[in-house]
Amino acid sequence: MRGNGRVRNRQNGFSLLEMLLVVAILGIVTGGILAQMDIAQQRASSEQVKLDNFQEARDFVDQFFRDVNQIGYPNSRMIDTTSASWAPALAVPLINDSRLAVGLVKIDANELRFEGDMKGDGVIQSVIYQINGSGACALCFQRSQIDKISADPLTGQAQNWGTEVNDVAVPAIFSYFKADGTQITTLPVDISTPGGAQIIASIKTIKISLTIRNPSVLDQKTLQAIETNFEGEVSLNNCSMAAAGAPMSCN
């Protein structure tokens with residue numbers, strides 16, 4: 001009977017080798033789980049950075065679209081500037097008058113200038129979107145808005161810069177198209193010349209392509225900089241004062 005008991009004890013227990021094998025298997029399984037958790041955490045971190053960048057770009061584009069809807073309002077094509085009720089008090093060209101918005105002023109791949117009543121209160125603002133407009137942030141997409149003064153829309157207005165988007169990957173953000181779909185490829189263009197004014201007045205669509213990439217923020221799996229892209233397109237009622245007689249989309 002005692003012999004049979006010793007046999008049962010050996011059958012119900014584990015040898016040292018078996019225990020080591022179980023521990024090794026558990027270690028491999030645990031290591032695999034932890035590795036997958038680490039990958040998932042890295043991916044979640046990268047996706048959060050992309051989401052934050054996308055939201056930043058989205059907020060900027062929403063602001064830009066709101067501004068574009070106000071371009072050129074009000075201007076001399078909407079007002080009888082010869083009437084006594086309007087009675088200009090300043091002997092300046094209509095295009096320089098602070099009560100009138102010239103509309104688009106300058107277009108470039110990384111710069112856009114225009115005038116309009118941004119607040120809806122009858123006061124005209126001069127607005128600029130530009131990479132590094134302040135001169136102190138090389139990869140910042142910045143916006144300036146200031147009340148227009150009676151001076152040249154291109155050279156006579158002050159700036160008040162605020163940063164809209166950081167870590168912008170240049171070179172090109174804006175592209176411009178006429179009503180027939182033709183892209184304006186020779187940039188920059190502004191209202192300082194008759195030819196430039198005619199081109200400015202013909203613009204119907206503005207496309208924006210924004211890429212955000214910070215070289216110091218890397219995807220931990222690929223070790224590449226995290227990049228976020230955002231694109232948008234807006235059609236505008238180009239009631240420009242830039243070129244008299246040009247076909248306006250608001251007519």
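The values are calculated or read from the model by the stated rules, or taken from the named source; none is laboratory data. Keep in mind that this is a model prediction, so the values were computed, not measured. Counting neighbours? That spans all protein chains shown, and the Cβs are built from the backbone with ideal geometry, glycine included.
Structure data summary
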read-out	value
Test result for Ile200, in a helix (DSSP H, G or I), touching a residue at least 24 places away in the same chain (Cβ under 8 Å) and either touching a strand residue (DSSP E or B) at 6+ places or on another chain (Cβ under 9 Å) or surrounded by fewer than 13 Cβ atoms within 10 Å (Cβ to Cβ) (or both)	yes
Odd one out for Asp62, checked against (1) of a type in the set (Asp, Glu); (2) more than 16 Å from the chain's Cα centre (by Cα); (3) at pLDDT 75 or above	(2)
Single match in Leu236, Leu210 (criterion: over 17 Å from Ala101 (Cα atoms) and at pLDDT below 90)	Leu210
Qualifying residue in region 75-94 (condition: among the basic types (Lys, Arg) and either closer than 30 Å to Gln55 by Cβ or modelled with pLDDT of 90 or more (or both))	no
Test: residue in region 118-125 that is part of a loop (DSSP other than H, G, I, E, B), among the aliphatic types (A, V, I, L, M) and buried (at least 20 other Cβ atoms within 10 Å of the Cβ)	yes
Considering residues of region 128-160 that are assigned to a loop (DSSP other than H, G, I, E, B) and in contact (Cβ under 8 Å) with a residue 60 or more places away in the chain only, the residue surrounded by the fewest Cβ atoms within 10 Å (Cβ to Cβ)	Gly156
Count of residues meeting criterion [part of a helix (DSSP H, G or I) and in contact (Cβ under 8 Å) with a residue 60 or more places away in the chain] in region 169-197	0
Condition broken by Gln55, with the remaining ones in (1) at pLDDT 70 or above; (2) surrounded by 14 or more Cβ atoms within 10 Å (Cβ to Cβ) satisfied	(2)
Flag if Val49 is surrounded by 12 or more Cβ atoms within 10 Å (Cβ to Cβ) and modelled with pLDDT under 75	yes
